[in-house]
Structures are given as structure tokens and as C-alpha cells.
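For reference, the structure is listed below as C-alpha cells.
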Amino acid sequence: MPAMNRKISVVGLGYVGLPVAVAFGMSAKTIGFDINSARIRELKDGHDRTGEVETGRLREADIVFTDDIELLKKADFHIIAVPTPVDDAKQPDLTLLLKASETAGKALKKGDIVVYESTVYPGATEEECVPVLERASGLKCGRDFTVGYSPERINPGDKEHTFTKIKKVVSGQDAETLEIVASVYESVVAAGVCRASSIKVAEAAKVIENTQRDINIALMNELAVIFDLMGIDTNEVLEAAGTKWNFLKFRPGLVGGHCIGVDPYYLTHKAEKLGHIPQVILAGRRINDGMGKFIAQRTVKEMLRAGNSILGSTVTVLGLTFKEDCPDLRNSKVVDIIRELQDYGIKVQVTDPHADSHEAEDEYGISITAMKELRPAAAVVAAVAHKEYRSLTPAQLKGMMGENPLLIDVKGIYDPNAVKGAGLRLWRL
């Protein structure tokens, strides 16, 4: 069947899948499938809780939102975009991916193509997903249907680098499938496509994109710890070093979310299975995973130096999501700060205008407090650079605290001189 006549379905309508479905739905009828019936109802009503797609655009797209597998059978080009997290042992958790493969498999017919966008380790599509598709469909891959891989590059909350504006890496298990996959994506991705020579190459390209960022941020975080011991302001050092044309302008910070803090573990998992123990990648992961605890411990030290007691005191944390101006709570490392402060006997109150309070409670057991209901605190930890927090003045921040006010500026969003001039003690990462 010609590429342009393909009927598209998207399985998984989260941060990644929904923008993909909407892009295709702008040019042809598309099937959007998700097992979450509440999510389907919201999307039918024109509401996207992730904030990735505006209501007007959502309603404009020609998408049939459904949780009915029977409707998937009307499509012949299935895109799977479900989360692939890691478990508590930092091992890849392919549960949702394999369940989605089973769902797609039940809808497969001869001539269909299944394309995976979920992050996996090299080899997972063909070694883990294809057998599930074959069992569920009773068909043979390569003879009755084929598969491809096109890694997602969605950046949650980013309204500039959107799905259609980012070059798409595409791959297929054979030359014919590759050309069909490329043509289908070229029909909606204005930035064009990059044809990878194999599915494994495309899978590997995805995991190293975020592994590279993870390692660079880990270097900045380690430098921040070292400079803190030296009594040097890391931000000032980076501003000075950044005047050189080829200095990479990464910043220290919390590395959470569903990509940078997760993808490296997929690569190291595969490497270890092949007998190689990664050194640099895992070292970077250890550094970044430890930053929440480091920030909390420095908060406690600064509280003592400011003359505040620790046990039973209150600390306000501004922001819980993993990044600014985004409701995504997945793998938020702000939680590590909160847990460590609580271990010191500190009462922590958390506020976040973008986070869903029910999700925060269900996922982390953390209650979200409205800004107007916050009690005076011994310290304020500005953990996430939401626009609502960036606009706060030093006087407003001081008004959130009692005697000996202390501001912990994790993201370096406030002017140090203005903060200190307002009578606040300041520590920033």
C-alpha cells in the first residue's frame, strides 16, 4: 500500500503520543488509542492534562479517541508511544511497552507496519517486541507485517521544539519498510527525516542523545559540589568560563523526568548483558541521582548557620514537577530534597501551580499547598523555575519566611545582590 494512503493509529496518548496523533490528525483521520478511559473522555472533551496540546488544536485534529481495540483494526500503520521507565533497581521496565505490543498485535493484519517511538535499548524492538506482536497476531514478522523504530524527541513543556519542527530519525527492518516509514513521517514533520541504516542504530541514537546530556550535567553537578567546598559561586564560574566560544553551557541541577534521568540506564543495562561494565555513564548517574540529597543537606547547614533550629522547623519547597512550566511529575528529583529534609525532622510544605495534586498524592504521598495557604517558614527552597516563581521579588520571598530568612536557589533564578540586599541569606547550587 502506498505510504500516503496509510491509515494511522497511535497507541499511548501521553506527552509523546498525543502530539504525534494531533500532527497526523491535522491531515487525515487518525485513531488515538489509550487504555485509560478517563484520559479518552478528557481528550474527547478537548482537554489535555499534560498541557502539550491546546484545546483549539486538539478539537481541530481529526482523531478518533478510543480504548476499543476493535477500532485499531481499521489502521494499518501503528505507532506505539508508551512510557518505558526503570524500576526501583534502575533496570528497564518494559511492562507497558510489551502490553502495548500485545494490544497492537491483536489488531494486526497482513501488510501492517508497527513503528515504536518509546525509548528502548538497542535490540529491544526486534528481540522483545516482535515476538509479542507475533504471538498476539498469529502472523509472521517480515512476511505478514513489518516493524520500524522512530525515537521520540518530544521535550515536555517546550512550545518551540515541537514534534513537527524536530528532525525525525526513522528506521525499518527492510528497505521497503524504511521508505514507507520515512514517507509517512515526512508527510507531517516539516523538519524532515534522517534515515538510520537499521533499527538498532536508531535505538542507539535515542539513548545516547540523553546520555550525553546526563553526563555533561553530571560534570557541572560535581563541579558545583567542589566549588561549594571552596566557597566559590558556581554560577559565577560558569558565566566567566562561558565567555569562551567553545565552552559548553550546561548548568548544574536536578536531573529528573522521563528521559535524561532514565535513558542512560537502558544503555548500561544492555552493555552489562554483553559483559561490559560502563564507567563514565554510571558515574554520571550516581552524581546526578545524589544531588537532591546534597541540596537538602546544604539547606540544613545553612539553616543552622542562619541561627534556625532544625527539628520541627518548617521549610517551603517551591515546585515539585521535574521541570519548569510543565505539569510532568515523572521521576521528579525534588522529591529527594523533600525526603531528606523530612529525615532531619523538618516539616516540609510543597507548593506547585502546575502539578496535579491528586497525582502528587498518589505517586509520592506529597500534599500540594496553595501559595496563599503557606505557613511562615525558616527557609524557602526554590526547586523549580516556574514562571510564577521567577516573578517573585526578594521582598515577596522574605514575606514567606520568619526570622533569619534563608533562600535556597537551586536553579539560580534570583539576583544574588537583590536577595542579599533584602536581608535574606542565600545559597545557590
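Return the pairs, sorted by first residue and then second, in which the second residue is in a helix (DSSP H, G or I) and among the β-branched types (Val, Ile, Thr), the first residue lies in the range 200-226 and is closer than 25 Å to Arg428 by Cα and modelled with pLDDT of 95 or more, the beta carbons are less than 6 Å apart, and the residues are 6+ apart or on different chains.
Partner pairs satisfying both residue conditions: Ala218/Ile287; Asn221/Ile287; Glu222/Ile287; Ala224/Thr234.
Report, by residue number, each residue of the range 332-361 that is over 24 Å from Gly290 (Cα atoms) and without any contact (Cβ under 8 Å) to a residue 24 or more places away in the chain.
Listed by number, the residues that qualify are Ser357, His358.
Would you pick out the residues in the range 264-293 that are free of Cβ contacts under 8 Å to residues at least 40 places away in the same chain and basic (Lys, Arg)?
Once the filter is applied, which keeps residues that are free of Cβ contacts under 8 Å to residues at least 40 places away in the same chain and basic (Lys, Arg), the range 264-293 yields Lys273, Arg286.
I'd like to verify a number: residues in the range 39-50 that are in contact (Cβ under 8 Å) with a residue 40 or more places away in the chain and either out of contact with any Gly (no Cβ under 8 Å at 6 or more places or on another chain) or open to solvent by 50 Å² or more (accessible area, probe 1.4 Å) (or both), how many?
Here the count works out to 1.
Here are some residues: Glu359, Glu363, Glu388. Which one is of a type outside the set (Ser, Thr, Tyr), touching a His at 6+ places or on another chain (Cβ under 9 Å) and in a helix (DSSP H, G or I)?
Every option except Glu388 fails the conditions.
Need the failing condition index for Glu160 against (1) touching a residue at least 12 places away in the same chain (Cβ under 8 Å); (2) out of contact with any Asp or Glu (no Cβ under 6 Å at 6 or more places or on another chain); (3) within 30 Å of Leu254 (Cα to Cα), just the number.
Going through (1) touching a residue at least 12 places away in the same chain (Cβ under 8 Å); (2) out of contact with any Asp or Glu (no Cβ under 6 Å at 6 or more places or on another chain); (3) within 30 Å of Leu254 (Cα to Cα) one by one, Glu160 breaks only (1).
Which members of the range 75-95 meet the condition of being more than 13 Å from Val10 (Cβ to Cβ) and either in contact with a Lys or Arg (Cβ under 8 Å, 6 or more places away or on another chain) or touching a residue at least 24 places away in the same chain (Cβ under 8 Å) (or both)?
Matches in the range 75-95: Asp76, Pro83, Thr84, Pro85, Val86, Lys90, Gln91, Pro92, Leu94.
Out of Ser150, Ser197, which single residue is surrounded by 22 or more Cβ atoms within 10 Å (Cβ to Cβ), of a type in the set (S, T, N, Q) and modelled with pLDDT of 95 or more?
Step by step, each of Ser150, Ser197 is checked, and only Ser150 is surrounded by 22 or more Cβ atoms within 10 Å (Cβ to Cβ), of a type in the set (S, T, N, Q) and modelled with pLDDT of 95 or more.
State all residues of the range 356-375 that are over 22 Å from Lys411 (Cα atoms) and out of contact with any Leu (no Cβ under 8 Å at 6 or more places or on another chain); if no residue qualifies, say none.
Ser357, His358, Glu361, Asp362, Gly365, Ser367, Lys372, Glu373, Arg375
Out of the residues in the range 325-344 meeting the condition of being open to solvent by less than 70 Å² (accessible area, probe 1.4 Å) and over 12 Å from the mean Cα position of the chain (by Cα), tell me which one is farthest from Leu304 (Cα to Cα).
The qualifying residue farthest from Leu304 (Cα to Cα) is Asp325.
The values are calculated or read from the model by the stated rules, or taken from the named source; none is laboratory data. A quick note: this is a predicted structure, and the numbers were derived from the prediction, not measured. With ideal geometry, Cβ positions are generated from the backbone for all residues, glycine too; neighbour counts draw on all protein chains shown. Each accessible area value is taken on the protein alone, full model and side chains, heavy atoms only, with ligands, DNA and RNA left out. Shrake-Rupley method; radii C 1.70, N 1.55, O 1.52, S 1.80 Å.
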